[in-house]
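Everything on this sheet refers to the single structure shown next.
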Amino acid sequence: MSYNIDTKCVQSGWNPKNTDPRVLPIIQSTTFKFDSSEDMAKCFDLEESNYFYTRLQNPTNDAVANKIAALEGGVAAMLTSSGQAATFYSIVNICNAGDHVVSSSAVYGGSYNLLAHTMKDLGIEVTFVEPDCSEAELKAAFTPKTKCVFGETLANPALKVLDIEMFAKAAHQHRVPLIVDNTFPTPINCRPIEWGADIVIHSTTKYMDGHATSVGGAVVDSGNFDWQANTDKFPELTTPNTTYHGTIFTETYGKAAYIGKMVTTLMRDLGSIPSPHNSFLLNIGLETLHLRMERHCTNARKVADHLKNNPKVTWIKYPDLTDDDDHQLAKKYLPNGSSGVIIFGVQGGRTGATKFMDSLKLAAVVTHVADCRTCVLHPASTTHRQMNDAELEAAGVKPDLIRFSVGIENVDDIIADIDQALAQV
Ligand SMILES: *Cc1c(COP(=O)(O)O)cnc(C)c1O
């Protein structure tokens, strides 16, 4: 039976059998017992897919990965210990030294550093394009070595909306997949696979967990990209892998070849698995994701409308506002609301921003974002401080930008807190 997304949040992933625990159990065990060495050997040959070591697979982690795959409409998913690990894995699963990535410039600061610096050091080159570039500019960024296109549905913190269809079209014309970081909208507000994305990644640390308890990430495979038709570009998926006696991932895993390869090679060699206990907490968060996102969005809309009318607010960006630069894209890709995050500037620039933030009482100054509790951050002096002014500009981060993450408290209390803090500016 196919359920609506709200039902999937509550029920997908864990399907208890007769007398099984009703709630997803925490299988806090690194290892699994076999009756014979031969039984275990079959797992190492990928002949059988039993559990044997938690770095590769664990029942608690898998149940939560399956829920996220169901929410995004993918065929398979893998959890990672952080969103950063998810981003890294999603790219190196199909890119080697000498390869090239086309990326939107409006991405999370950590993703920018990873792409512009760490990947470069590994020999993977990146060309950044503006998220609102023309189709011609986008096409001009590709090289014969391009292996994927990367972007964020709703950029953190720039709140630029990615034209997923346009980016997917360009990627597919160049016979490569589109990877989309869907952390901010979550599958409740946007499912990039429905617009042509091939791989979707998440920092589950944010709204998915929602309670700021567990750092985590996820990679979801749509199963739609035809690796076999592009075997010249992706031989690692379509030709024999020597570390598994010549397994061909597209044959062994079919539509889930990309995730199959990621689990059996990257997770085996690099680690970064979440602890089953963290996945258990993530699952509890996911059970209310649909309720929380709705409240985050209605609260944020009211806060944005209120901020717009305060003369101390010099500018504001929230894609749901009708005069926002990204409103048309938001209407198309995020019709139920973008997220709970708003960015704005206040009088006095950097100093004004600090004064405002230090005067807040309900909203806490934290690095985190997309929490059920209202929180606030000044990216230029914290998360993005490694970037120079030009890089900040390209990522859409103004020096006076305040990132305000509206929680699910009573919105009147949030607005009263903002008002008293603005009065101090
Ligand atoms: C936070 C974040 C990440 C990184 O995730 P971590 O869980 O902090 O490693 C990646 N992408 C986006 C959009 C984020 O907000």
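The values are calculated or read from the model by the stated rules, or taken from the named source; none is laboratory data. Small disclaimer: the values here were computed from a predicted structure and weren't measured. Counting neighbours? That spans all protein chains shown, and the Cβs are built from the backbone with ideal geometry, glycine included. The accessibility values were calculated without ligands, DNA or RNA, using every heavy atom of the protein model including side chains. Shrake-Rupley method; radii C 1.70, N 1.55, O 1.52, S 1.80 Å.
Points worth noting:
- Subset of the stretch 339-365 (residues that are in contact with a Ser or Thr (Cβ under 9 Å, 6 or more places away or on another chain) and closer than 30 Å to residue 164 by Cβ): 339, 340, 341, 342, 344, 345
- In summary, residue 376 fulfils each of the numbered conditions (1) surrounded by fewer than 20 Cβ atoms within 10 Å (Cβ to Cβ); (2) part of a strand (DSSP E or B) with the single exception of condition (1).
- Among the residues of the stretch 64-82, those that are open to solvent by less than 10 Å² (accessible area, probe 1.4 Å) and part of a helix (DSSP H, G or I) comprise 64, 65, 67, 68, 69, 71, 72.
- Test: residue in the stretch 28-46 that is surrounded by 19 or more Cβ atoms within 10 Å (Cβ to Cβ) and either assigned to a helix (DSSP H, G or I) or among the acidic types (Asp, Glu) (or both): no
- Cβ-Cβ contacts under 6 Å between residues 6 or more apart (or on different chains), taken from a first residue in the stretch 208-231 that is under 16 Å from residue 176 (Cα atoms) and free of Cβ contacts under 8 Å to residues at least 24 places away in the same chain to a second residue that is of a type outside the set (Asp, Glu) and open to solvent by 10 Å² or more (accessible area, probe 1.4 Å), are listed as 228/238; 228/250; 231/238.
- Matching residues, the stretch 127-145, being open to solvent by less than 30 Å² (accessible area, probe 1.4 Å) and either within 15 Å of the ligand (Cβ to nearest atom) or under 27 Å from residue 185 (Cα atoms) (or both): 129, 131, 133, 138, 141
- Single unsatisfied condition, residue 86 versus (1) under 29 Å from residue 12 (Cα atoms); (2) more than 10 Å from the ligand (Cβ to nearest atom): (2)
- Selection of first residues in the stretch 181-203 that are of a type in the set (Ser, Thr, Tyr) and of second residues that are more than 10 Å from the ligand (Cβ to nearest atom) and not in a helix (DSSP H, G or I), restricted to Cβ pairs under 6 Å at least 6 apart or on distinct chains, gives an empty result.
- Residues in the stretch 181-209 that are within 12 Å of the ligand (Cβ to nearest atom) and in contact with a Leu (Cβ under 7 Å, 6 or more places away or on another chain): 184, 185, 186, 204, 207, 208, 209.
- In the stretch 262-275, the residues that are at pLDDT 95 or above reach residues that are open to solvent by less than 20 Å² (accessible area, probe 1.4 Å) and part of a loop (DSSP other than H, G, I, E, B) with C-beta atoms within less than 7 angstrom, at least six apart or across chains, in these pairs: 262/93; 266/93; 273/54; 274/216.
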